[in-house]
Amino acid sequence: MRPQTKRLADVIPAPALVVPEPAVTFTVAPEAVTALAPEPRDDGPVRLELGADELGPEGYRLEITAAGVTLRAAAPAGLFWGLQTLRQLAADDGVLPGGVIEDRPRFAYRGAMLDLARHFFTADEIRAHVDLLAQFKINHLHLHLTDDQGWRLEIPGWPRLTEVGGGPGTGCDGAGPGYLTLAEYAEVVAYAAERFVTVVPEIDMPGHVNAALVAYPELTADGQPVAPRTDAEVGYSSLVAGKEETYAFVEAVLKAVADATPGPFLHIGGDECLSTSAEDYRAFLTRVLPLPAKYGKRPVGWHEIAAVDLPEGAVVQYWRPQDEGTEVAAAVAAGHQVIMSPADRTYLDMKYDETTPIGLDWAGLVPVRRAYDWDPADRLPGVPETALLGVAAPLWSETLRSVADLQYLTFPRLPAVAEVAWTPQAGRDWASFRERLAGFGPRWDAAGVTWFRAPEIDWPAG
Ligand code: NGO
């Protein structure tokens, strides 16, 4: 237990506006708050109301008085995020500090990515992860479904993708087999949607496709089979831009994924095509980037796609810190939106420090303060606040072998990135964040969540 008493501002991400009424408290049962659904009702300890358009599609207003609690929002998403705030405030003992919170997100896209290709996580494990993410108002889950080491989503008419690409011995070191059937995928998508989390599926191409080439040798340049790979090298595989079979395959896959996905985005990867010539890369993407729109989706790609003339609505996801972002800025000048995921701030697979037993370090070490203390609107010249769709934290799974590994790299850095994405820049402050974060350690312990006891934080003893 922390010595200090609870404060209305002890919330992550920090709300846009907090007006405490220190003399007032109201007590609820924490389990009753957790059980609340984002539907109007006025018969319980918390009155839920819809209708307050000025709060925006995800905003909410929470008022705690000695007589009770009122939560108001323009839409159910706002009620849901308000309930997450209330749940944090009610934690431990159910005593709610009095006052008013008026809150709305800085960015519409607040993402977390999970790489299922290098190590597979089951539908149940993904759902449990969604629950943990949603508590920090993350509203997009990007699933990296395919890569050199595995193919993790069933595609009708192409059974070998998952029979071979999701079979035994797939994943890094062959230690992460498995795949989602379309029915399982649909259940994950629906579960996430009930928590106002939109699933963003990624089929990585034209590189990162060894698993597909193993399954269907007719896709290789000479039609000859290639060997499965379970190492963590990148940049050696490519779909063949000059082959018609390529586009029949790509369109079948993108159509199947679009049909299975109610959300607006379809991520086509596009990263690290080191064995694709610049000319082939351009030819390939010029044909493929319009396909998501043909099936009703907005294309998203890693920032390499900005080298190509992008179709309207395409979103560029910036990731590689060594890239100065000149092409990203040009895409912005042409009207495109950007998701910020610079690896040296947001990659959850980077080690925290030299002692971190798992994770990578190609983008440097990412302790909690590095994940927190930056402004996404200030990262790239020519990519201002107005060009940002949002901020996302990818977790690549080369070194993951279990849910404990996944959680260890996620907590407590994900809350830092979530605050970057939700809270207005002027309302963020490292000193305040590190104090608020300390209270979450015991709650993760109580919930059985594995987390890294970052030395930058004064965690309560225990
Ligand atoms: C890069 C690469 C991935 C790796 C990851 C590891 C992108 C967009 N492509 O990020 O294949 O897994 O780094 O950090």
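Of all residues in the stretch 227-252, count the ones that are among the acidic types (Asp, Glu) and within 16 Å of the ligand (Cβ to nearest atom).
2
Pairs under 9 Å by beta carbon, first residue among the polar types (S, T, N, Q) in the stretch 100-122, partner open to solvent by 10 Å² or more (accessible area, probe 1.4 Å), six or more apart or different chains?
Listed pairs, sorted by first residue: Thr122/Gly178; Thr122/Glu184.
If Ala175 meets every condition in (1) surrounded by fewer than 19 Cβ atoms within 10 Å (Cβ to Cβ); (2) away from the ligand (no atom under 16 Å from the Cβ) apart from one, which number is that one?
(2)
If the requirement is being within 22 Å of Thr386 (Cβ to Cβ) and crowded, with 17+ Cβ neighbours inside 10 Å, which of these qualifies: Leu310, Leu291?
Result of the check over Leu310, Leu291: Leu310.
(1) within 13 Å of the ligand (Cβ to nearest atom); (2) crowded, with 20+ Cβ neighbours inside 10 Å: which one isn't true of His336, the others all being true?
(1) is the only condition that His336 fails.
Please count how many residues of the stretch 419-462 are open to solvent by 50 Å² or more (accessible area, probe 1.4 Å) and among the aromatic types (Phe, Trp, Tyr).
Qualifying residue count, the stretch 419-462: 0.
Going by what's in this entry, would Pro376 be described as away from the ligand (no atom under 15 Å from the Cβ) and over 25 Å from Trp422 (Cα atoms)?
Spelling it out, it is not the case that Pro376 is away from the ligand (no atom under 15 Å from the Cβ) and over 25 Å from Trp422 (Cα atoms).
Only residues that are within 16 Å of the ligand (Cβ to nearest atom) and not in a loop (DSSP other than H, G, I, E, B): list them for the stretch 267-290, please.
As a first pass, look at the stretch 267-290 and keep what is within 16 Å of the ligand (Cβ to nearest atom): 267-276, 281, 285.
Scanning the stretch 267-290 gives His267, Ile268, Gly269, Tyr281, Leu285.
Checking the conditions here, which among Val240, Val250, Val199 is in contact (Cβ under 8 Å) with a residue 60 or more places away in the chain and under 30 Å from Thr399 (Cα atoms)? Write out each step before concluding.
Values: Val240 fails: in contact (Cβ under 8 Å) with a residue 60 or more places away in the chain; Val250 fails: in contact (Cβ under 8 Å) with a residue 60 or more places away in the chain.
Only one candidate qualifies: Val199.
Taking the conditions exactly as written (within 20 Å of Gly382 (Cα to Cα) and buried (at least 17 other Cβ atoms within 10 Å of the Cβ)), does Val328 satisfy them or not? So that I can check it myself, show each step before the final result.
Working: within 20 Å of Gly382 (Cα to Cα): yes; buried (at least 17 other Cβ atoms within 10 Å of the Cβ): yes.
Yes, satisfied.
Being within 20 Å of the chain's Cα centre (by Cα), closer than 21 Å to Phe107 by Cα, assigned by TED's automatic domain parsing to the domain that holds His119 and surrounded by 22 or more Cβ atoms within 10 Å (Cβ to Cβ) is the requirement here; does Ala416 meet it?
Yes: the conditions hold for Ala416.
For residues that are part of a loop (DSSP other than H, G, I, E, B), open to solvent by 10 Å² or more (accessible area, probe 1.4 Å) and closer than 23 Å to Val33 by Cα, tally how many sit in the stretch 95-138.
So the count comes out to 3.
If only one of Ala283, Ala256, Ala278 is farther than 24 Å from Glu218 by Cβ and surrounded by fewer than 23 Cβ atoms within 10 Å (Cβ to Cβ), which one is it?
Ala278
Pairs please, first residue from the stretch 337-351 and in the same structural domain as Arg118 (by TED's automatic domain parsing), second anywhere and part of a strand (DSSP E or B) and among the aromatic types (Phe, Trp, Tyr), Cβ atoms under 8 Å, 6+ apart in sequence or on different chains.
Once the first residue is in the same structural domain as Arg118 (by TED's automatic domain parsing) and sits in the stretch 337-351, its partners that are part of a strand (DSSP E or B) and among the aromatic types (Phe, Trp, Tyr) give Val338/Tyr318; Ile339/Tyr109; Ile339/Tyr318; Met340/Tyr318; Ser341/Tyr318; Pro342/Tyr318.
Just checking, does the stretch 178-195 include any residue being of a type in the set (Gly, Ala, Ser), within 16 Å of the ligand (Cβ to nearest atom) and in contact (Cβ under 8 Å) with a residue 24 or more places away in the chain? Give the steps one after another, and end with the answer.
First, pick out the residues of the stretch 178-195 that are of a type in the set (Gly, Ala, Ser): 178, 183, 186, 190, 192-193.
The next check asks that each one be within 16 Å of the ligand (Cβ to nearest atom); those that pass are none.
Looking through the stretch 178-195, none of the residues is of a type in the set (Gly, Ala, Ser), within 16 Å of the ligand (Cβ to nearest atom) and in contact (Cβ under 8 Å) with a residue 24 or more places away in the chain.
Give the stretch 176-203 a look and list any residue that's out of contact with any Lys or Arg (no Cβ under 6 Å at 6 or more places or on another chain) and assigned to a loop (DSSP other than H, G, I, E, B), or say none.
Passing the criteria: Gly176, Pro177, Gly178, Thr181, Arg195, Phe196, Val197.
Quick one: in the stretch 104-123, of everything that is within 14 Å of the ligand (Cβ to nearest atom) and among the hydrophobic types (A, V, I, L, M, F, W, C), which residue is farthest from Ala416 (Cα to Cα)?
Within the stretch 104-123, the first condition is being within 14 Å of the ligand (Cβ to nearest atom), and the residues that meet it are 111, 113-119.
Narrowing the set further to residues that are among the hydrophobic types (A, V, I, L, M, F, W, C) leaves 113-114, 116-117.
Values: Met113: 15, Leu114: 17, Leu116: 23, Ala117: 25 Å.
Filtering the stretch 104-123 for residues that are within 14 Å of the ligand (Cβ to nearest atom) and among the hydrophobic types (A, V, I, L, M, F, W, C), the one farthest from Ala416 (Cα to Cα) comes out as Ala117.
List the strands (runs of 3 or more DSSP E) inside the stretch 7-94, counting only whole elements, that have at least 2 residues being open to solvent by 70 Å² or more (accessible area, probe 1.4 Å).
Of the strands (runs of 3 or more DSSP E) lying wholly inside the stretch 7-94, those with at least 2 residues that are open to solvent by 70 Å² or more (accessible area, probe 1.4 Å) span 17-27, 46-50.
Kindly list the number of the only condition in (1) more than 12 Å from the ligand (Cβ to nearest atom); (2) under 23 Å from Thr246 (Cα atoms) that fails for Gly325.
(2)
The conditions are (1) farther than 28 Å from Ala314 by Cα; (2) among the charged types (D, E, K, R); (3) open to solvent by 10 Å² or more (accessible area, probe 1.4 Å), and Glu385 fails exactly one of them. Which is it?
(1)
The values are calculated or read from the model by the stated rules, or taken from the named source; none is laboratory data. These numbers come from a predicted model, not from an experiment. Cβ: placed from backbone, ideal geometry, glycine included. Neighbour counts: every protein chain shown. Each accessible area value is taken on the protein alone, full model and side chains, heavy atoms only, with ligands, DNA and RNA left out. Shrake-Rupley method; radii C 1.70, N 1.55, O 1.52, S 1.80 Å.
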